[in-house]
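Report on one structure; see the data block that follows.
The values are calculated or read from the model by the stated rules, or taken from the named source; none is laboratory data. The structure presented is a predicted model; accordingly, all values stated were derived computationally and were not measured. When we count neighbours, we look across all protein chains shown, and the Cβ atoms used for this are built from the backbone with ideal geometry, even at glycine. The protein model used for the area step is the full one, side chains on, heavy atoms only, and it has no ligands, DNA or RNA in it. Shrake-Rupley method; radii C 1.70, N 1.55, O 1.52, S 1.80 Å.
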Amino acid sequence: MPHERLRDLVDEAARACPSTDPVCAAYVKAADAWTVQPEKTVPDPALASEALAAARRTNDPVLISAALDAVVVGLDHGGRIREAHQRAMERVGLLERMPRHDPRAGAEIVDTFHMVTAIAVTAGDLPDALSFARMAQDDDVASGQPHVAASKPILPLVLLGRFDEAVTQAAIMWEAWRQAGRPPARWLSSAGYGMALAYGLRGDDKGRREWLDRVRELSGDKLELVSGTYLAAAAAFTEARVCLHEGRIDAAVAAVAALRPEDETWYDVPHWQSLRPYAWAMTAEVAVVAGLPDAASRLAAAAPAGEENYWAAACLARATGRLHGDRGALEEALAGWERIEARFERACTLLLLADRAPEGQAELRALGCPPPGA
């Protein structure tokens with residue numbers, strides 16, 4: 001629907017809203033927050049706060065949850081990921097108050113599990129992300145679409161290095177999606193990229209290419225979503241991480257060439273995507289490994305992503321250690337990987353410490369991964 005028409009409808013609703021009706025006021029405030037800007041997926045942060053205040057006055061958990069969604073998305077779009085992660089937790093606390101017999105609550109229950117999992121991934125809190133994904137699968141409302149519910153744990157599992165579990169989950173997701181009639185499901189594309197990453201890190205190029213093809217199918221063959229803004233970060237991160245592990249440095253550099261941390265902010269994209277901070281951190285590490293002359297400046301430019309994402313922070317610490325031969329930075333990276341239980345990345349970092357390299361080699365073998373080529 002054209003933006004101008006949406007704004008006309010909001011104005012019409014505001015005129016019709018009784019001044020003494022808090023429920024009507026909460027609906028109008030929420031609509032105003034989501035439609036004041038032409039980009040429909042980006043609410044206005046100040047208006048989102050007003051919508052939340054209006055929703056709280058109703059004491060209606062459905063309206064409060066919906067308003068919190070606007071606040072969380074606004075924070076995410078502004079790069080305040082850790083704060084968004086914390087605010088999303090309030091939506092989880094509202095779930096027990098949701099009237100499960102009321103269809104009006106259904107969308108909020110489903111969206112709460114979707115967003116709290118996604119924002120946890122965006123913040124790099126992988127254990128939290130997996131926990132919420134499992135909760136969604138056990139919820140009688142959130143699990144109503146089996147292919148969607150099955151997709152939730154995949155990306156956290158891959159980033160945790162729990163590849164076998166991810167493969168099992170992905171098979172369930174894919175078959176459920178087919179049984180559902182293969183509907184366009186672009187929200188599953190992140191899980192698809194996660195599987196491409198898992199197969200690539202295990203040296204299975206056939207499996208990696210199969211999942212890249214499946215990403216296109218899940219997106220309804222809308223290739224602009226894959227090559228354009230919406231999934232650009234996921235595509236860049238996945239390709240660069242696999243190429244780096246395989247030792248194809250030139251290909252890794254090419255994969256992140258379109259990302260320019262020195263010219264852009266890592267979070268300023270018009271569509272939400274969990275892998276944005278991962279892509280920026282990987283851009284810096286690729287520059288270091290490739291010996292690019294601007295590697296140090298790329299590290300500095302990507303630092304804000306590390307302040308908001310635990311995975312990115314550990315990756316940037318590792319890149320710093322590699323650039324300067326700094327054992328302390330490498331040990332900082334190890335601690336970061338251990339905090340978020342990222343087994344694969346921890347193993348790759350151990351290989352950079354001569355006295356602990358055998359431990360890293362053993363872990364990679366246990367994960368079914370070949371040693372890195374770079």
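Numerical summary
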item	result
Mean shadow area of the range 1-146 over all directions, Cα convex hull, nm²	9.1
Between the range 1-76 and the range 315-333, the Cα center-to-center distance that results, in Å	45
Sequence of SER19, SER131, SER190 when ordered by accessible area, the most exposed leading, probe 1.4 angstrom	SER19, SER131, SER190
Helix axis angle, 22-35 relative to the chain longest principal axis, alpha carbon, degrees	40
Around VAL62: net Lys/Arg minus Asp/Glu count, Cβ-Cβ under 15 Å	0
Distance histogram in 10 Å bins (all Cα pairs of the range 70-198, percent per bin)	13, 43, 35, 9
Relative contact order %, the chain, counting alpha carbon pairs below 8 Å whose residues are six or more apart	12
Calculated FRET value between GLU359 and ASP138, using beta carbons and R₀ = 30 Å, to 0.05	0.25
Calculated log₁₀ intensity ratio I(q)/I(0) where the Debye formula runs over C-alpha points of the range 276-359, q = 0.15, 0.19 Å⁻¹	-0.46, -0.74
Rounded to the nearest 10 Å², the accessible area of LYS152 at probe 1.4 Å	40
FRET efficiency for ASP164 and ALA300, using Cβ-Cβ distance with R0 set to 35 Å, rounded to 0.05	0.40
Option label - Cα extents along the principal axes in Å computed here, alternatives [x] 96, 47, 39; [y] 84, 48, 40; [z] 71, 44, 35	[z]
Total charge dipole magnitude, the range 46-90, about the Cα centre, Cβ charges on Lys, Arg, Asp, Glu only, Debye to nearest 20	100
Lys/Arg +1, Asp/Glu -1 at C-beta; the chain dipole; positive extreme among LEU292, SER219, LEU259	SER219
Linear extension gain, ALA176 paired with LEU292, 0.36 nm per residue minus alpha-carbon span	37.3 nm
Tilt relative to the chain, helix 163-179 - C-alpha long axis, 0 to 90 degrees, to 10	40
Inter-site label distance for ASP21 and TRP187 at 7 Å from Cα along Cβ, in nm	2.9
Prolate/oblate/rounded call for the range 268-321, Cα gyration tensor, a/c under 1.5 rounded	prolate
Cβ-Cβ FRET estimate between LYS40 and ALA14, R0 fixed at 22 Å, reported to 0.05	0.75
Tilt relative to the chain, helix 61-77 - C-alpha long axis, 0 to 90 degrees, to 10	40
Cα-centre dipole for the range 50-164 with unit charges at Cβ (Lys and Arg positive, Asp and Glu negative), debye to 20	140
From phi via Karplus (6.51, -1.76, 1.60), per-residue ³J(HN,Hα) for the range 237-246 in Hz, x at Gly/Pro	4, 4, 5, 5, 5, 5, 4, 5, 5, 7
Helical contribution to [θ] at 222 nm, DSSP H n ≥ 4, -39,500 (n - 2.57), averaged over the chain, rounded to 500	-22500 deg cm²/dmol
Solvent-accessible heavy-atom area per residue, rounded to whole Å², over the range 91-218 at 1.4 Å	39
Under 14 Å from LYS152, Cα to Cα: aspartates and glutamates that are on another chain or at least 8 residues apart	ASP111, ASP128, ASP138, ASP139, GLU165
Percent carbon-and-sulfur accessible area, the chain, ignoring ligands, DNA and RNA, probe 1.4 Å	53
